[in-house]
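Q: The structure follows.
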Amino acid sequence: MNLSHALKWSFLAEIASKTITPIVFLFLARLLTPEDFGVVSAATMVIAFSQIFWEAGMSKALIQRQTDISEAANVAFWVNIALGCMIASLLFLSAGPIAMTFFKDARVTAVLQVMTLQVMFGALSSVQTALLQKEMGFKKLFWVRMITVTFPGIASIPLAWSGFAYWSLVTGTLTGQIVQVFMLWQLSHWRPSWHFHAAVAKEMVMFGAWVGVSGVLAWFYTWADSLIVGKYLGTHDLGLYRTGNQFVILVFNMIFGPIMPVLYSYLSRMEQDQQRLKIAIEKVIRIIILISVPIAIILFTFSSLIGLAVFDSKWDGLGIVIGVMALVHGFSWIVGMNGEVYRAMGKPSYETVVPALTLFLYLAAYTYTIQIGFNVFIWNRLLLALGALLFHLYILKIIIKVNVLILMAYLCGVTIAAFFSVSIVHWLTISYFSGVWLPLLAGSLTSVVLLGLIIYIFERNRMIMEIILFAKTC
């Protein structure tokens with residue numbers, strides 16, 4: 001399957017999943033409370049941390065590998081199964097101390113113990129997923145995503161309606177994973193054997209070790225903020241923060257989610273062609289700026305209306321979370337593909353070393369600002385994201401010689417134009433429309449159309465040429 005065909009199916013998979021997931025998410029947010037989401041989020045972040053160790057970077061090592069694929073798949077499978085059994089057992093036994101030490105909520109104990117099943121389900125299906133990505137089998141992955149995102153909603157919503165609170169979320173998650181394991185084993189032709197190739201295992205472990213360490217860092221960047229909110233403010237504010245953040249993530253993942261697995265698989269083939277890789281990276285960054293920044297500004301400007309329209313009175317204070325986190329993710333996505341670039345170059349250590357340089361600054365800033373107040377903590381996230389953007393662009397300049405000054409000038413131009421345009425639309429809509437839904441829909445749709453028109457007028461020639469050149473590189 002070529003890049004364009006793979007991208008089409010990957011995009012369809014993400015669109016399907018990201019269409020169903022927000023619908024389920026919004027239904028559940030109406031039925032449940034921030035505290036319900038907070039309890040499950042606490043257990044989920046622990047499970048996500050454990051995945052780094054049972055997965056051990058084997059999937060990424062398998063995708064990147066170009067020789068001895070069958071032997072490598074066997075190694076990955078048995079390593080994941082062995083580590084999965086061990087880590088699931090440790091989590092089950094230590095669930096109580098984890099719940100009380102980090103979250104001070106006994107309800108997290110039982111939820112975490114049940115959700116350890118996710119570890120084993122993940123270990124059983126990780127190799128099949130990696131092989132399908134490696135083989136550009138995104139048509140098959142489309143059907144997996146389509147079905148497995150539907151089942152959690154089917155299980156969760158009736159239970160939430162019946163008063164099962166956070167257990168409805170747990171049931172939905174596990175149901176989706178069970179279906180996913182079954183489908184992947186049906187769609188993948190690969191089956192494990194008892195043969196374990198030691199030499200291949202050594203190579204994969206060395207590659208996977210860097211991916212695993214970078215996974216620890218990625219977990220801290222993804223979950224450390226939530227961990228600190230949960231520890232200092234409790235499960236209610238954790239649910240409020242994670243839900244607002246998740247709402248924004250759903251929007252951006254719907255757009256950029258399809259690109260990442262295809263991009264990594266494709267860039268892995270450019271490992272020896274640095275100039276071709278540089279051209280592809282600069283084009284991707286400009287396209288992301290053109291999309292992510294305007295979306296972030298629209299979400300930020302209309303965040304208070306979104307909080308009122310989509311959620312009810314239980315979610316008071318959610319608007320500021322949605323608005324600021326939209327800017328955080330909008331600017332962060334500009335360098336969101338850096339990890340894929342490093343791994344595609346066969347240098348996963350870069351993905352580990354680069355984030356490690358700023359990790360302690362992040363943790364210190366989180367811990368300090370959360371003690372001042374929730375809102376201060378939220379705005380601090382934006383300052384950190386802007387600093388990280390500059391830092392990661394500079395790293396790309398050193399490693400692959402991208403032109404940072406041109407990219408920054410482009411970013412500033414898009415940002416100013418988007419803020420100016422959306423602010424005018426927001427002022428007009430709240431001045432001439434009453435209520436919540438009408439100004440939200442009118443304002444957001446008008447902003448999208450206006451920004452699209454501005455982009456078309458000023459960027460059409462560049463976009464046409466870049467699409468042609470990018471197609472040639474593919």
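Taken together, the values in this text are just the output of simple stated rules run on the coordinates, not laboratory data. What you are looking at is a predicted structure, and each value in this text was computed from that prediction instead of being measured. Because the Cβ atoms are built from the backbone with ideal geometry, glycine has one as well, and the counts that use them run over all protein chains shown.
Q: What FRET efficiency would be calculated for the residue pair ILE154, ILE406, taking the C-beta separation as r and a Förster radius of 60 Å, to the nearest 0.05? List each step's numbers first, then the result.
A: On the way: r = 49 Å, r/R0 = 0.81.
Computed FRET efficiency for ILE154 and ILE406 comes out at 0.80.
Q: Right, here's the next one. Gain in length, LEU445 to ILE23, computed as 0.36 nm per residue apart minus the alpha-carbon separation, to one decimal in nm?
A: Details: separation 422, 0.36 × 422 = 151.92 nm, distance 1.92 nm.
My answer for the length gained is 150.0 nm.
Q: Separate question: Can you give me the relative contact order of region 298-339 as a percent, contacts being Cα pairs under 8 Å and 6 or more apart?
A: Numbers: 26 pairs, mean separation 17.8, N = 42.
Computed value for region 298-339: 42 percent relative contact order.
Q: Using 0.36 nm times the number of residues separating ILE424 and PHE196, minus their current alpha carbon distance, what extension gain do you get? Walk me through the intermediate numbers first.
A: Details: separation 228, 0.36 × 228 = 82.08 nm, distance 6.36 nm.
Answer, rounded to one decimal: 75.7 nm.
Q: Using R₀ = 35 Å, calculate the FRET efficiency as 1/(1 + (r/R₀)^6) where r is the Cβ-Cβ separation of TRP161 and SER94; round to 0.05.
A: Working: r = 33 Å, r/R0 = 0.96.
Rounded to the nearest 0.05, the efficiency is 0.55.
Q: Here is a further query. For ILE416 and LYS104 in one chain, what is 0.36 nm times their gap in residues minus the Cα-Cα distance, to one decimal in nm?
A: Extra length from ILE416 to LYS104 when fully extended: 107.9 nm.
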